[in-house]
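Just below is one structure, and these are the notes that go with it.
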Amino acid sequence: MNEIPPAAVVKNLRNLRQLNMSWNSFDGNLPESLFSLPCLKIPDLSGNNFGGQIPISSSLGPIALEVLDLSINFINGTIPVTVLKNIRNLNLRGNQFSGSLPVSLFTLPHLKFLDLSFNNLEGRFPINLTSEPVPLEVLKLDSNYMSGALPSERAFQNLQNLRELFLSFNQFSGNIPTFLFSLPHIERLDLSSNLFRGPISINPSSNLSSSLKSLRFYQNNLTGRISFIWLGNLRKLEEIDLLGNANLAVDVNIPGWTPPFQLKHLVLSGCDFEKNIIEEPHFLRTQSHLEVLDLSNNNLSGSMPNWLFTEEATLRELRLGNNSLTGSIDPIWHTQPFLQSIDIHMNHATGQLPANIGSLFPRLSILDVSSNNIVGHIPTSLCEIRHMSILHLSNNKLSGEVPACVFTNYSLLLTLKLSNNKLGGQLFGGVNSMYNNIKELYLDNNKFGGTIPQNLSGESLMFMDLHDNELSGKLGTVSRITQGNMCAAPDPVAHEDVGETLSDPTLYAVTVASFVLGFWAIVGFSFCHPYGRSVMLKLQFTPKKNS
């Protein structure tokens with residue numbers, strides 16, 4: 001479906017109050033006749049391919065629209081503020097609006113929700129937004145190109161109803177204004193991924209809004225010190241995200257202090273805080289509602305915090321990668337029904353993967369234990385986890401045969417990395433086809449033996465590395481690595497001493513036939529991918545010794 005019904009048909013819908021045509025494939029310009037319907041209050045045209053301007057003529061006078069959702073389209077031009085006097089909810093997210101933020105939007109007397117995120121807005125935040133109090137509660141300007149320092153408190157003096165302010169992924173600079181923390185109803189403050197610098201202006205005497213639930217300041221250049229005890233009156237606080245502020249000192253463990261809040265999200269990756277937060281986890285033990293805990297990239301010491309996996313744990317994501325944690329992740333005594341992601345890569349973990357890992361983490365989709373000292377076999381119970389999408393076990397001391405189910409049971413798997421272990425067994429578990437969704441497969445530097453399966457196929461595969469194994473025999477046809485390509489054939493790839501190569505005219509897969517493996521050879525195959533990326537296959541074979 002591509003076109004809106006003709007204007008003559010639309011005009012007959014004079015009693016229409018609500019219209020939902022979202023997430024179709026409509027294109028072209030928005031029909032002016034649609035917005036002239038006298039009773040239409042809630043049109044939802046989001047998720048289409050509409051372009052051009054919003055076709056509401058000022059000659060219509062104020063129209064009935066109360067909720068307008070045009071998000072995720074290609075709309076540009078000016079916003080017809082003068083006729084939107086009844087609008088309460090205006091969602092223009094993900095379009096092509098450019099220029100400065102229209103100050104006239106803040107004069108709309110009933111507007112409570114305004115989303116202009118993911119557009120091309122530029123310039124500074126307006127100094128004088130409005131001279132009259134407005135009911136605006138949610139303002140989303142994230143992912144634009146706005147810049148400069150935020151204005152003084154005067155610019156926000158008539159936005160006293162503001163509950164959520166999202167300014168992330170812009171180029172705002174200067175200090176974070178103190179008054180933002182004191183807006184009487186503010187709940188969520190997201191200033192992430194900007195150029196803010198200097199200290200967070202919070203101290204023991206700060207008059208913080210007791211409504212605050214979420215503080216996101218990640219990926220800025222903040223300095224100075226912030227102590228969690230200064231947040232002591234924020235009983236509703238659920239989220240603190242300071243990721244990537246390496247020069248900001250954060251006091252987390254305060255002796256004798258029990259916080260009044262229960263965090264759901266705590267993200268301190270790459271921050272400057274107590275390195276013994278795992279060894280002396282006073283603060284963490286008070287937080288029994290954590291869903292996301294990210295302490296990665298901090299050089300933390302101590303043992304793996306298996307005490308997090310309690311019977312009552314609510315963790316969904318645990319990120320402890322790139323630290324100096326030791327010890328084993330086994331045993332774990334309680335099933336973690338909510339846990340979806342575990343990342344402990346680049347630590348000093350030892351021991352084995354839990355034999356019952358499948359029943360411990362039934363909903364796991366991401367497991368990254370790479371670059372540790374984990375030994376033993378890959379447990380068969382790992383295959384019981386049906387939602388696995390990323391499995392990284394590389395750079396450990398795993399041995400034995402890889403269970404065949406690892407290559408067959410994960411219908412959602414995107415990345416499988418088993419590199420640099422001592423794993424063996426039959427390549428791909430003896431099957432000729434891989435998961436349809438898999439994009440990356442790394443089995444290099446192991447002890448896989450036998451032959452590469454004939455007619456090997458994998459429809460989405462982009463990277464495959466099999467070098468430094470014990471493979472032998474002939475290379476058959478590597479087929480269906482990509483499907484339905486519409487791109488041109490790739491440039492020729494030189495293969496010294498490889499022999500005859502054939503090119504499939506549809507898929508441009510390379511067939512290397514009658515190749516006797518009597519020497520070291522690295523063979524690179526480059527396949528055309530429908531998104532313009534190369535699919536690389538790297539094979540390195542160990543020569544057979546003459547008997």
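Name the single residue that is surrounded by the fewest Cβ atoms within 10 Å (Cβ to Cβ) among those in the stretch 325-365 being among the small types (Gly, Ala, Ser) and in contact (Cβ under 8 Å) with a residue 40 or more places away in the chain.
Within the stretch 325-365, the first condition is being among the small types (Gly, Ala, Ser), and the residues that meet it are 327-328, 341, 349, 351, 355, 358-359, 365.
Applying the additional criterion that residues be in contact (Cβ under 8 Å) with a residue 40 or more places away in the chain yields 349, 365.
Working: Ala349: 22, Ser365: 20.
So the residue we want is Ser365.
Yes/no matrix, rows are residues, columns are (1) more than 22 Å from Ala355 (Cβ to Cβ); (2) at pLDDT 90 or above; (3) among the small types (Gly, Ala, Ser); (4) in contact with a Ser or Thr (Cβ under 9 Å, 6 or more places away or on another chain):
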residue: Met388; (1), (2), (3), (4): no, yes, no, yes
residue: Glu401; (1), (2), (3), (4): no, yes, no, no
residue: Phe407; (1), (2), (3), (4): no, no, no, no
residue: Lys422; (1), (2), (3), (4): no, yes, no, yes
residue: Asn432; (1), (2), (3), (4): yes, no, no, yes
residue: Leu443; (1), (2), (3), (4): yes, yes, no, yes
residue: Pro453; (1), (2), (3), (4): yes, no, no, yes
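Based on this model, can you work out whether Lys417 counts as under 29 Å from the mean Cα position of the chain (by Cα) and either free of Cβ contacts under 8 Å to residues at least 12 places away in the same chain or within 19 Å of Met346 (Cα to Cα) (or both)? Lay out the reasoning, then the answer.
On the way: under 29 Å from the mean Cα position of the chain (by Cα): yes; either free of Cβ contacts under 8 Å to residues at least 12 places away in the same chain or within 19 Å of Met346 (Cα to Cα) (or both): yes.
Criteria met by Lys417.
Would you please list the contacts, defined by Cβ atoms under 9 Å and residues six or more apart or on different chains, that run from a residue in the stretch 463-476 that is of a type in the set (Lys, Arg) to a residue that is modelled with pLDDT under 90 and in a loop (DSSP other than H, G, I, E, B)?
Final answer for the pair search is Lys474/Thr451; Lys474/Ile452; Lys474/Gln454; Lys474/Ala513; Lys474/Ser514; Lys474/Phe515; Lys474/Val516; Lys474/Leu517.
Take the conditions surrounded by fewer than 19 Cβ atoms within 10 Å (Cβ to Cβ), within 19 Å of Ser460 (Cα to Cα) and either in contact with a helix residue (DSSP H, G or I) (Cβ under 7 Å, 6 or more places away or on another chain) or not hydroxyl-bearing (Ser, Thr, Tyr) (or both) and apply them to Asn373. Does it pass? Step through it out loud before you land on a result.
Working: surrounded by fewer than 19 Cβ atoms within 10 Å (Cβ to Cβ): yes; within 19 Å of Ser460 (Cα to Cα): no; either in contact with a helix residue (DSSP H, G or I) (Cβ under 7 Å, 6 or more places away or on another chain) or not hydroxyl-bearing (Ser, Thr, Tyr) (or both): yes.
Considered against the rule, which asks whether it is surrounded by fewer than 19 Cβ atoms within 10 Å (Cβ to Cβ), within 19 Å of Ser460 (Cα to Cα) and either in contact with a helix residue (DSSP H, G or I) (Cβ under 7 Å, 6 or more places away or on another chain) or not hydroxyl-bearing (Ser, Thr, Tyr) (or both), Asn373 comes out as no.
Within the stretch 426-438, work out how many residues are crowded, with 16+ Cβ neighbours inside 10 Å, assigned to a loop (DSSP other than H, G, I, E, B) and in contact with a Pro (Cβ under 9 Å, 6 or more places away or on another chain).
Count: 0.
So which pairs qualify, if the first residue must be in the stretch 313-324 and over 16 Å from Asn395 (Cα atoms), the second must be of a type in the set (Asp, Glu) and not in a strand (DSSP E or B), the Cβ gap must be under 8 Å, and the two must be at least 6 apart or on different chains?
These pairs meet every condition: Thr314/Glu291; Leu315/Glu291; Arg316/Glu291; Glu317/Glu291.
Please determine, by comparing only the residues of the stretch 42-69 that are within 13 Å of Pro31 (Cα to Cα) and in a loop (DSSP other than H, G, I, E, B), which one is farthest from the chain's Cα centre (by Cα).
The selected residue is Ser57.
With touching a strand residue (DSSP E or B) at 6+ places or on another chain (Cβ under 8 Å) and in a loop (DSSP other than H, G, I, E, B) as the only criterion, which of Gln262, Gln287 stands out?
Working: Gln262 fails: touching a strand residue (DSSP E or B) at 6+ places or on another chain (Cβ under 8 Å).
Of Gln262, Gln287, the one residue that is touching a strand residue (DSSP E or B) at 6+ places or on another chain (Cβ under 8 Å) and in a loop (DSSP other than H, G, I, E, B) is Gln287.
Please specify each residue of the stretch 319-349 satisfying the condition of being modelled with pLDDT of 95 or more, hydrophobic (A, V, I, L, M, F, W, C) and under 23 Å from Gly376 (Cα atoms).
Leu320, Leu325, Ile342, Ile344, Met346, Ala349
May I ask you to verify whether Phe407 is without any contact (Cβ under 8 Å) to a residue 40 or more places away in the chain, within 22 Å of Phe361 (Cα to Cα) and in contact with a helix residue (DSSP H, G or I) (Cβ under 9 Å, 6 or more places away or on another chain)? I'd like the intermediate steps shown before the answer.
Working: without any contact (Cβ under 8 Å) to a residue 40 or more places away in the chain: yes; within 22 Å of Phe361 (Cα to Cα): yes; in contact with a helix residue (DSSP H, G or I) (Cβ under 9 Å, 6 or more places away or on another chain): yes.
Criteria met by Phe407.
Test Ile240 against the criterion of being within 18 Å of Asn347 (Cβ to Cβ) and not basic (Lys, Arg), and give yes or no. Explain how you work it out, then say what you get.
Numbers: within 18 Å of Asn347 (Cβ to Cβ): no; not basic (Lys, Arg): yes.
No: the conditions fail for Ile240.
Just wondering, is there one or more residues in the stretch 53-63 that are loosely packed, with under 15 Cβ neighbours inside 10 Å and among the hydrophobic types (A, V, I, L, M, F, W, C)?
Residues of the stretch 53-63 loosely packed, with under 15 Cβ neighbours inside 10 Å: 53, 57-62.
Those still in the list that are among the hydrophobic types (A, V, I, L, M, F, W, C) too: 60.
Yes, the stretch 53-63 contains a residue that is loosely packed, with under 15 Cβ neighbours inside 10 Å and among the hydrophobic types (A, V, I, L, M, F, W, C).
Identify, please: which residue in the stretch 84-96 is over 14 Å from Leu30 (Cβ atoms) and out of contact with any His (no Cβ under 8 Å at 6 or more places or on another chain) and is, among those, surrounded by the fewest Cβ atoms within 10 Å (Cβ to Cβ)?
Of all residues in the stretch 84-96, those over 14 Å from Leu30 (Cβ atoms) come to 84-91, 93-94.
Now narrow it down to the ones that are out of contact with any His (no Cβ under 8 Å at 6 or more places or on another chain): 84, 89-91, 93-94.
Numbers: Leu84: 22, Asn89: 17, Leu90: 24, Asn91: 20, Arg93: 20, Gly94: 19.
Among those that are over 14 Å from Leu30 (Cβ atoms) and out of contact with any His (no Cβ under 8 Å at 6 or more places or on another chain), it is Asn89.
Can you tell which of Leu441, Leu423 is buried (at least 20 other Cβ atoms within 10 Å of the Cβ), under 22 Å from the mean Cα position of the chain (by Cα), of a type outside the set (Gly, Ala, Ser) and not in a loop (DSSP other than H, G, I, E, B)? Write out each step before concluding.
Numbers: Leu423 fails: under 22 Å from the mean Cα position of the chain (by Cα).
Of the residues listed, the single one that is buried (at least 20 other Cβ atoms within 10 Å of the Cβ), under 22 Å from the mean Cα position of the chain (by Cα), of a type outside the set (Gly, Ala, Ser) and not in a loop (DSSP other than H, G, I, E, B) is Leu441.
Which residues, taken from the stretch 138-162, are charged (D, E, K, R) and surrounded by fewer than 18 Cβ atoms within 10 Å (Cβ to Cβ)?
Start the filter on the stretch 138-162 by keeping residues that are charged (D, E, K, R), which leaves 140, 142, 153-154.
Within the stretch 138-162, Glu153, Arg154 qualify.
For the condition hydroxyl-bearing (Ser, Thr, Tyr), more than 29 Å from Cys39 (Cβ to Cβ) and free of Cβ contacts under 8 Å to residues at least 40 places away in the same chain, what is the one hit in Ser104, Ser143? Quick ask: steps written out before the conclusion?
Details: Ser104 fails: more than 29 Å from Cys39 (Cβ to Cβ).
Going through Ser104, Ser143 in turn, the sole match is Ser143.
With the requirement that a residue be free of Cβ contacts under 8 Å to residues at least 40 places away in the same chain and touching an Asp or Glu at 6+ places or on another chain (Cβ under 9 Å), what does the stretch 117-135 give you? Don't jump to the end; show me each part of the working.
Applying the first criterion (free of Cβ contacts under 8 Å to residues at least 40 places away in the same chain) to the stretch 117-135 yields 118-124, 126-135.
If the condition is that a residue be free of Cβ contacts under 8 Å to residues at least 40 places away in the same chain and touching an Asp or Glu at 6+ places or on another chain (Cβ under 9 Å), then Phe118 is the only one that fits.
Can you tell me which residue in the stretch 15-31 is farthest from Ser57 (Cα to Cα), limited to those that are surrounded by 11 or more Cβ atoms within 10 Å (Cβ to Cβ) and either modelled with pLDDT under 85 or among the small types (Gly, Ala, Ser) (or both)? Break it down stepwise before answering.
First pass over the stretch 15-31, keeping only residues surrounded by 11 or more Cβ atoms within 10 Å (Cβ to Cβ): 16-24, 26-31.
From what is left, the residues that are either modelled with pLDDT under 85 or among the small types (Gly, Ala, Ser) (or both) are 22, 28.
On the way: Ser22: 23, Gly28: 18 Å.
Checking each candidate, the answer is Ser22.
Mind counting the residues in the stretch 163-203 that are surrounded by fewer than 16 Cβ atoms within 10 Å (Cβ to Cβ) and at positive phi?
2
Can you find a residue that is at pLDDT 95 or above and within 24 Å of Asp190 (Cα to Cα) anywhere in the stretch 350-359?
no
The values are calculated or read from the model by the stated rules, or taken from the named source; none is laboratory data. Owing to the predicted nature of the structure, the values given are computational and were not obtained by experimental measurement. Cβ: placed from backbone, ideal geometry, glycine included. Neighbour counts: every protein chain shown.
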